[in-house]
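Written below as structure tokens is the structure these notes are about.
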Amino acid sequence: MTGRATARFALLALIAALALAVATGPAAAAQAPAAKTCPNFRVLHNDRIGAAVFPAGNYTITLEATGLDCRTGGELFARFLEDFDGNLPSPWKVSPEGSGQAAFLRGGQPGLSVRLTKKQTSGEIEKEEATNPDLGTLCRNPFTVNHTTTIRPLRFTKGQFLIYLPEGSTINCEQAVVLFQRFLGASPNLPSPWKLTSQTATFYKPASPTRSAFRIEPLSGAGRR
């Protein structure tokens, strides 16, 4: 092939490549998945995850990663709020963006973000019990731990804690209070057959893990203690 023919061939190939880019560029942009919003996720009490602060109220969840739907996004945010020490399960990390706003990154990539859309009023906070299908039922009165106590492997520092009853549990708030008092008194080991999931501070019996479950959370939310 002569030099002139080679140059002509290269020019034609460049023109074809540019035409293909022009033809496919808008289509490719149109196919890029748009972020999806999921409204009305309810945070039952003023909470935090590490440095991220979440006042009680309704939140909109924005899904930024592919493969997530509203149900999965709600379950993930609920799971993060359940975390006892503020350290989210790998590869998730929280990035605070101000009160009531945060992004959750998955391995450094966008995953989902949350934003407060309606703050809960004092009247709503004072209801007997509050319920969220993803978080369970929040018992009204905080439980006071009078001195720092270890229930292996967790340490419950002196202060106030909330009691949650996960969906499906048949334990009521009064029973959960009595049980938690018993467990603190038996420190540092749990009485048989009870077990403790340390990531979420959930107590349960292995024979009926759903029906027997209740969860403890610091009143100030998840963070280092």
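Tell me the strands (runs of 3 or more DSSP E) entirely within the stretch 116-225 that contain at least 3 residues that are surrounded by 14 or more Cβ atoms within 10 Å (Cβ to Cβ) and touching a Cys at 6+ places or on another chain (Cβ under 8 Å).
159-165
Every residue in the stretch 72-104 that is of a type in the set (G, A, S) and crowded, with 21+ Cβ neighbours inside 10 Å, please.
Residues satisfying the conditions are G73, G74, A102.
Are there any pairs with C-beta distances below 6 angstrom linking a residue in the stretch 92-117 that is of a type in the set (K, R) to a residue that is assigned to a strand (DSSP E or B) and at pLDDT 95 or above, with the two at least 6 apart or on different chains, and if so which?
K93/L105; R106/W92; R115/T60; R115/Q101
So T62 passes all but one of these: (1) of a type outside the set (F, W, Y); (2) more than 29 Å from F214 (Cβ to Cβ); (3) modelled with pLDDT under 95; (4) part of a strand (DSSP E or B). Which condition number does it fail?
(3) is the only condition that T62 fails.
What pairs can you find where one residue is in the stretch 34-61 and in contact (Cβ under 8 Å) with a residue 60 or more places away in the chain and farther than 15 Å from T121 by Cα, the other is exposed (fewer than 15 other Cβ atoms within 10 Å of the Cβ) and of a type in the set (G, A, S), and their Cβ atoms are less than 6 Å apart, with a gap of 6+ or different chains?
V53/S99
Being under 17 Å from A222 (Cα atoms) and charged (D, E, K, R) is true for just one of R155, R140, R71, R106. Which residue is that?
Matching residue, one of R155, R140, R71, R106: R155.
For residues that are over 16 Å from the mean Cα position of the chain (by Cα), at pLDDT below 95 and of a type outside the set (S, T, Y), tally how many sit in the stretch 120-141.
Qualifying residue count for the region: 11.
Report, by residue number, each residue of the stretch 89-115 that is more than 12 Å from C38 (Cβ to Cβ), modelled with pLDDT of 95 or more and either touching a helix residue (DSSP H, G or I) at 6+ places or on another chain (Cβ under 9 Å) or not in a loop (DSSP other than H, G, I, E, B) (or both).
W92, K93, V94, S95, P96, Q101, A102, A103, F104, L105, G111
The values are calculated or read from the model by the stated rules, or taken from the named source; none is laboratory data. Remember, predicted model here, so these are calculated numbers, not experimental data. Reconstructed Cβ throughout: ideal geometry from the backbone, glycine too, with neighbour counts over all protein chains shown.
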